[in-house]
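Asks: Before we start, here is the structure in question, set down as structure tokens.
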Amino acid sequence: MMLWLGLMLGAAFGAALQLSGASSHTAIIRALRLKDLTIIKLIMTAIGVGLIGVHLLDLSGWANMKVKDLYLPGLIVAGLIFGVGFAVSGYCPGTALVAAAEGKPDAWVTVLGGMIGALVFAFMFPDLETLLFSFGQYGPVTIHELLGIQGALLALPLGGFCLWLAAKLPGSGGA
């Protein structure tokens, strides 16, 4: 049942990306250049709904938030790889999959490159594991725990701010 739920939620997410125009390389570049903030509004809405929704589900006992360990070198390397890939291809992983489903050849190249990169890393990982995990591990770190407060006390106003900002930002033709 959970696999079907995941498939349906993934399909709904992909449909939302496609219908919003987020699978368009041109729209993504326009957003990154701050020429059209429609995709930025979509991202801010998703962050706001996600922050509020996940924390409310966690408070109600319907979700169990498990925070992964903070591993700073991995975070930095992954961020660089993601950023370079985004800059070169004009797609993030989700929008690349949606654009590939639309039949866009450049998106298929992006998806294939991501899969090859993941495969290469998977084969290299056993040899690199000791080096990679020899420093920079901090355990599960969250901002709300560092501040000594309940997560929802930070997530609800921050999520509300994201939703407010998404409503206030101009869309097409703004900036």
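All of the numbers you see were taken from the coordinates with simple rules; none came from a lab. Small disclaimer: the values here were computed from a predicted structure and weren't measured. Because the Cβ atoms are built from the backbone with ideal geometry, glycine has one as well, and the counts that use them run over all protein chains shown.
Asks: Could you work out [θ]222 nm for the chain from helices alone, using -39500 (n - 2.57) per DSSP H run of at least four and dividing by all its residues? Round to the nearest 500 deg cm²/dmol. Spell out each step's value before the answer.
Replies: On the way: 8 runs with 128 residues, N = 175.
Calculated mean residue ellipticity at 222 nm is -24500 deg cm²/dmol.
Asks: By what distance, in whole Å, do the Cα atoms of region 68-141 stretch along each of the three principal axes, largest value first?
Replies: The principal-axis extents, from largest down, are 42, 26, 19 Å.
Asks: Follow-up. Checking the cross-link filter: which lysines have an alpha carbon closer than 21 Å to that of Lys66, excluding same-chain neighbours under 8 positions apart?
Replies: The qualifying lysines are none; the list is empty.
Asks: Ignoring the sites themselves, what is the longest stretch of the chain with no trypsin sites (Lys or Arg not before Pro) in a DSSP loop and at most 14 other beta-carbon atoms within 10 Å?
Replies: Between the exposed loop sites, the longest stretch runs 69-175.
Asks: Sticking with this one: Tell me the label only: which of (i) 18.7, 59; (ii) 15.2, 43; (iii) 18.5, 50 is Rg and Dmax of the Cα atoms in Å as calculated from this structure?
Replies: Entry (iii).
Asks: Whole-Hz Karplus ³J(HN,Hα) for region 36-46, in order, using 6.51 cos²θ - 1.76 cosθ + 1.60 and θ = phi - 60°, x for Gly and Pro?
Replies: 9, 8, 4, 5, 4, 4, 4, 5, 5, 5, 4
Asks: Using 0.36 nm times the number of residues separating Val77 and Leu3, minus their current alpha carbon distance, what extension gain do you get?
Replies: On the way: separation 74, 0.36 × 74 = 26.64 nm, distance 3.06 nm.
Net length gain for the segment: 23.6 nm.
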